[in-house]
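Peer 1: Just passing along the structure, written as structure tokens.
The values are calculated or read from the model by the stated rules, or taken from the named source; none is laboratory data. Keep in mind that what you see is a predicted model, and the values were worked out from it rather than measured. Here the Cβ positions follow ideal geometry from the backbone for every residue, glycine too, while neighbour counts run over all protein chains shown. Calculation scope for accessible area: heavy atoms of the full protein, side chains included, ligands and nucleic acids excluded. Shrake-Rupley method; radii C 1.70, N 1.55, O 1.52, S 1.80 Å.
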Amino acid sequence: MPFDVLPPELILRVVSYLPIQEIVSFALVSRSFHEVVRVNEGAVYQAAAALHGFIKPAKNAESAPHILSTVTRIPDATGWLDDVTSWKELCRRYFLREQAWRGEQNSPSQKEQLSLGVFQSDVIKDIHRFKIDEVERTIICTTGEGGLFVMSIDTDEILWCLPEWYVSGYAHVEYDNGFIVFTCIEDGVEVWRRSTDSFNPETYLPCKPNPAQIEGSPSPVPEFPPTFPPVYEPLTRRSASTETPAPSRGVYLPFALLTSPAEARCYRLVYPHLLVASEFSRQAYIWDVRTSTLAETISIQTPPRRGGFHLPVHMTYVELSDSFVFVCWTFALAVYRRGSTPGTKELLFSIDISEMVHPDPGRKLLGNIPCSIFSGKFQLPYNIVARFLSNPEISPAGTCTLTKFKKKSYTRESQLDWFTAVHVSPDGRDLVAVTRVGWLLWMPDFQVTSPKGRSRTPFRLIFTPDQPRYVDYLAFDGKRILLAIDSGIVSITLKDYIHPADPRAAPQIRHLVRLPGRGHHGEGRKVSCLQLHSGSAWFSYIQDEEEDFEAKLAFVDLTGTSSERNQQRANLAR
């Protein structure tokens, strides 16, 4: 029976299993097929969006317009879906974004998909740490000179700040769900909250800011009683008017001052919990920022060493999930259980640095888990080309060449390497860790310690010894890995969203940005902070120019929908 004589509803059911590329080809077969796609365009492309993993499969009770509205209203740093009104346009933008992440632009028009912008400010100098608030579209940053700034992404305008006498130079800052946490000049961490959330009855939380916070606040601070709303005194010391100040975008109010029992080394905010880890006491203190209470204390004793390690033992990074605490010690990556009952070991497992950098693909992870090893080689000598750049530059489209290790290969000695960062996916299932010399480990379903219970195989990745590979920073959103290495910014796409029915065994790697300056070969850092969002990569880079090492903020937009202001920044960066 010819396909085109089937009932329309059956044809539509078949088309709903086609990927986007095949829908376009299907519509070109005949006029009748074209009409099927045209008449049912919304249903066809909604099914394609779910097939590719761009959205979750719809429930029967949910209407297509409601789902589309929900998807396009998800906050994003670039606002790349703000004006989307159809499922076809949504699929087009997601598809182009995935091509950009993978470096698969095949036409001159697609080469303009990426834009790179540098933020310009006469006030903010030498950015140290920064975070992105996608809801209010602002950048929150600390600097080497001191101070904390909140800047508009769209206009570069400084919306709010704390002075440098209040926030010390090179202060660490964390942000999540409207809460800013930063290290104090003295011991402890300060918590500040978005004013728009503080005055919203649906998000209101009572709190008692520290008097020093109230004194240092640029805005009048109300009292936050147990029930909404906040209450201003009739006449505040900072305002001669009885008019109640209105909450504003980018403005934050003091919330709490948290002081842990021991001196802290590392911090990590994953709302609603703040992890404060002490290298001195070997304790992890987990605070509930909503109530400003210490919710849990767990022991993070250093794991046993399995190989020769000749560097000092330090804590370099921490991560937090609902069930675990992750600690990068210089010689080992350790995973500790949260909520352990008395008598239960809190250490779930550890990976020694000698196990991480071992170049033998036959050696199994954690004793019994097979782990592939890939060697990556870029097509151009980026460390040489970057010496002649005055600004960051988009790298040519094209992926990294991957070679799977089949036998033991060359690598540097383990005593010259150490763990520098670890991140866990939003669903808490997968982890990524890196070492300074450039080994990367992706470990899906890390809680499953038996090979039989695994549906995905871990892999390790190392760039070839003749190319830059020292890792400065790591970012991970569960779908993609972002690395800052000697030569620039590198993205690693873990899942093939373009070809959902034919997943690739190897990760897809792209060199996104080349950074200016000499190839330092691990002697220093070119990037001071790195952030990954769905359609953009953000980084603060050190401008190595005439010995002026101030860090500037830049971003790469991979959505092809940059605002006019972002296009102006892109022109300045060229």
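Peer 1: Checking the structure you have, find out if any residue of the range 302-311 is crowded, with 18+ Cβ neighbours inside 10 Å and without any contact (Cβ under 8 Å) to a residue 60 or more places away in the chain.
Peer 2: Taking the range 302-311 as the starting set, the residues that turn out to be crowded, with 18+ Cβ neighbours inside 10 Å are 303, 309.
Going one step further and asking which of them are without any contact (Cβ under 8 Å) to a residue 60 or more places away in the chain, we end up with 303.
Yes: one or more hits.
Peer 1: While we're on this one: Can you tell me which residue among 294, 257 is part of a strand (DSSP E or B), touching a helix residue (DSSP H, G or I) at 6+ places or on another chain (Cβ under 9 Å) and open to solvent by 40 Å² or more (accessible area, probe 1.4 Å)? Break it down into steps so the answer makes sense when it comes.
Peer 2: Details: 294 fails: touching a helix residue (DSSP H, G or I) at 6+ places or on another chain (Cβ under 9 Å).
The match here is 257.
Peer 1: What number of residues within the range 80-103 satisfy the criterion of being surrounded by fewer than 19 Cβ atoms within 10 Å (Cβ to Cβ) and part of a loop (DSSP other than H, G, I, E, B)?
Peer 2: Total satisfying the criteria: 4.
Peer 1: Select from the range 533-549 the residues that are in a loop (DSSP other than H, G, I, E, B) and open to solvent by 10 Å² or more (accessible area, probe 1.4 Å) and write down the one among them that is modelled with the highest pLDDT. If you could, list the steps in order and put the result at the bottom.
Peer 2: First, the residues of the range 533-549 that are in a loop (DSSP other than H, G, I, E, B): 534-535, 543-544, 546-547, 549.
Adding the requirement that they be open to solvent by 10 Å² or more (accessible area, probe 1.4 Å) leaves 534, 543-544, 546-547, 549.
Working: 534: 87, 543: 70, 544: 60, 546: 52, 547: 53, 549: 64.
If we take residues in the range 533-549 being in a loop (DSSP other than H, G, I, E, B) and open to solvent by 10 Å² or more (accessible area, probe 1.4 Å), then 534 is modelled with the highest pLDDT.
Peer 1: Looking only at the range 24-49, which residues are in contact with a helix residue (DSSP H, G or I) (Cβ under 6 Å, 6 or more places away or on another chain), β-branched (Val, Ile, Thr) and either surrounded by fewer than 17 Cβ atoms within 10 Å (Cβ to Cβ) or closer than 26 Å to residue 496 by Cα (or both)?
Peer 2: Scanning the range 24-49 gives 37, 44.
Peer 1: Can I ask one more? Out of the residues in the range 272-290 meeting the condition of being part of a loop (DSSP other than H, G, I, E, B) and in contact (Cβ under 8 Å) with a residue 60 or more places away in the chain, tell me which one is farthest from residue 347 (Cα to Cα).
Peer 2: Filtering the range 272-290 for residues that are part of a loop (DSSP other than H, G, I, E, B) and in contact (Cβ under 8 Å) with a residue 60 or more places away in the chain, the one farthest from residue 347 (Cα to Cα) comes out as 290.
Peer 1: Hand me the list of strands (runs of 3 or more DSSP E) wholly inside the range 127-181 holding 2 or more residues that are β-branched (Val, Ile, Thr) and touching a residue at least 60 places away in the same chain (Cβ under 8 Å). Write out each step before concluding.
Peer 2: On the way: elements: 127-133, 138-143, 148-152, 158-162, 173-176.
By residue number, 127-133, 138-143.
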